[in-house]
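**Student:** Starting off with a structure, shown below.
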Amino acid sequence: KKIFYSGLTAMEKKLAEYKCNTNEAIKLKLVRFPEDLEDDNTTFNPEYSHQVFGDDEVAFGYKGLKILLYYIAGNLSTLFRIEYTSKVNEKFDCVEADDVESKIREIVPPGFCTNTDDFVCLLEKEVNFRPFGMLLHTYSVHNEEAGEDITYQIYKADMTCPGFREYHERLQTFLMWFIETASFIDVDDERWNYFLVFEKYNKDGATLFATVGYMTVYNYYVYPDKTRPRVSQMLILPPFQGEGHGAQLLETVHRYYMSSPTVLDITAEDPSENYVKLRDFVLVKLCQDLPCFSAGNLMQGFSQEMVMEAQQKLKINKQHTRRVYEILRLRATDMGDAEQSRSYRLDIKRRLIGPYKKKQRELAKMRRCLRPEELTNQLNQIDLNMQHEQLEENFQQLVSHYRRVLERLAQA
């Protein structure tokens, strides 16, 4: 037995050398110029690869594994290649290398290049690429590095735009690497809307377009004659993150739906923490000038007028309006003034305590129908002191989040 174990560890050591972290092995690129292919500064890696390579995000069987997924910046034509310095072979009994290629093929649509020359040929045709759909908004961002303003445009597209279906198939592959629970959508359902962000750039005197990011929105039907658009996916590609494109996109989408009399309000499906931060900022920016959010009204508490006005004018639902109210009230409150700060704290905590109150009502019900020994077990879970501590912690977290929103607002 001893011999067997020591042999195994040597074998295990050997096999361990053939494990690669797939987040590091996958090399992504958005290519504008042939020289980008050799430039490591244009390469970025996934945040996640568990949906393709399993929870441990490991590919087995290769040393020095590189999975190249290079995209032409505009129409996202793809180069897919696998490189490695060595691969396990039959000398390792019963051990086979993972079939990396077929795993990637499952998410990357067919029609990709496998060699660089073909890819560079396609790059020359990129000058003909134009954004899909209808132009909704143009804005510019000052770029320190380039020392100039760069122009961006937001378009609304749908599956009737020629070439858009194929383009979208390539675009959605990025979701797998940057959204933790991503899934591909059913593009044959006509209730999807697609909003796309592009950068305009110059190459040899011509104007070209590069893909920056996008959002998909599903239009739910609400009886009898309304719709409730729900944001499903939103992704700004990593080279463009932190430049304010997400806020521009979300605000543009809100403005697009605001003009429609049949839209009830806009929601989001399972929003991430980052999306909630973004939405808070955009909604507060949209709402701050509504008459119902004047300082005087804010100090009198959350009102039905706020709910009505935000929904009618800006298509914002009650729950989100309440957050906007809390953020704007914080801005109007002098937290150094004991009375004002106490009033603000109570107002927020009254909302936060809702779920606890609900639990207590459930407990009261249990008391009527549970045996005493079952009850103590339930009661132990909800200790009042713990409730107060948790409430205070939630309040502090919320306020620090709200302050960050207000800081960003002050800079906008």
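**Student:** For the range 331-412, which helices (runs of 4 or more DSSP H) that fit wholly inside it have 2 or more residues that are assigned by the TED database to the domain that holds residue 287, closer than 29 Å to residue 244 by Cα and modelled with pLDDT of 90 or more?
**Tutor:** none
Listed here are the residues, each with its yes/no results for (1) touching a helix residue (DSSP H, G or I) at 6+ places or on another chain (Cβ under 7 Å); (2) of a type outside the set (Val, Ile, Thr); (3) more than 30 Å from residue 251 (Cα to Cα).
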residue	(1), (2), (3)
118	no, yes, yes
121	no, yes, yes
129	no, yes, no
132	yes, yes, no
136	yes, yes, no
139	yes, yes, no
143	no, yes, no
148	no, yes, no
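**Student:** Hey, another quick one. Could you pull out the residue among 195, 209 that is part of a strand (DSSP E or B), among the aromatic types (Phe, Trp, Tyr) and out of contact with any helix residue (DSSP H, G or I) (no Cβ under 8 Å at 6 or more places or on another chain)? Can you show your working first?
**Tutor:** Numbers: 195 fails: out of contact with any helix residue (DSSP H, G or I) (no Cβ under 8 Å at 6 or more places or on another chain).
Just one listed residue meets the conditions, 209.
**Student:** Return the residues of the range 186-220 that are more than 21 Å from residue 247 (Cα to Cα), touching a strand residue (DSSP E or B) at 6+ places or on another chain (Cβ under 6 Å) and hydrophobic (A, V, I, L, M, F, W, C); say none if nothing qualifies.
**Tutor:** Scanning the range 186-220 gives a single hit, 208.
**Student:** So, one more: For the range 318-354, what are the residues that are within 20 Å of residue 284 (Cα to Cα), open to solvent by 20 Å² or more (accessible area, probe 1.4 Å) and of a type in the set (S, T, N, Q)?
**Tutor:** 319
**Student:** Checking the structure you have, find out if any residue of the range 96-108 is open to solvent by less than 40 Å² (accessible area, probe 1.4 Å), closer than 24 Å to residue 11 by Cα and in a strand (DSSP E or B).
**Tutor:** no
Yes/no matrix, rows are residues, columns are (1) open to solvent by 60 Å² or more (accessible area, probe 1.4 Å); (2) assigned by the TED database to the domain that holds residue 113; (3) over 16 Å from residue 216 (Cα atoms):
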| site | (1), (2), (3) |
| --- | --- |
| 139 | no, no, yes |
| 148 | yes, no, yes |
| 155 | no, no, no |
| 160 | yes, no, no |
| 163 | no, no, yes |
| 167 | no, no, no |
| 170 | no, no, no |
| 173 | no, no, no |
| 176 | no, no, no |
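**Student:** Going by what's in this entry, would residue 19 be described as more than 21 Å from residue 171 (Cβ to Cβ), open to solvent by 60 Å² or more (accessible area, probe 1.4 Å), modelled with pLDDT of 95 or more and not assigned by the TED database to the domain that holds residue 212?
**Tutor:** It is false that residue 19 is more than 21 Å from residue 171 (Cβ to Cβ), open to solvent by 60 Å² or more (accessible area, probe 1.4 Å), modelled with pLDDT of 95 or more and not assigned by the TED database to the domain that holds residue 212.
**Student:** Could you grab the pairs with beta carbons closer than 6 Å, sequence gap of 6+ or different chains, first residue in the range 231-259 and closer than 24 Å to residue 311 by Cβ, second one basic (Lys, Arg) and open to solvent by less than 20 Å² (accessible area, probe 1.4 Å)?
**Tutor:** Correct list of pairs: 257/315; 258/315.
**Student:** All but one of (1) charged (D, E, K, R); (2) touching a residue at least 12 places away in the same chain (Cβ under 8 Å); (3) touching a strand residue (DSSP E or B) at 6+ places or on another chain (Cβ under 7 Å); (4) not in a strand (DSSP E or B) hold for residue 29; state the number of the condition that does not hold.
**Tutor:** Condition not satisfied by residue 29: (4).
**Student:** Continuing with the same structure: Can you work out which of the residues in the range 263-311 that are over 27 Å from the mean Cα position of the chain (by Cα) and polar (S, T, N, Q) is most open to solvent (accessible area, probe 1.4 Å)?
**Tutor:** 300
**Student:** Let me ask something additional. For the range 126-146, which positions are closer than 11 Å to residue 208 by Cβ and of a type in the set (D, E, K, R)?
**Tutor:** 126, 130, listed by residue number.
The values are calculated or read from the model by the stated rules, or taken from the named source; none is laboratory data. These numbers were taken from a predicted model, which means no experiment stands behind them. Here Cβ is always computed from backbone atoms with ideal geometry, including for glycine, and neighbour counts include all displayed protein chains. Protein only, heavy atoms only, side chains kept; ligands, DNA and RNA dropped before computing areas. Shrake-Rupley method; radii C 1.70, N 1.55, O 1.52, S 1.80 Å.
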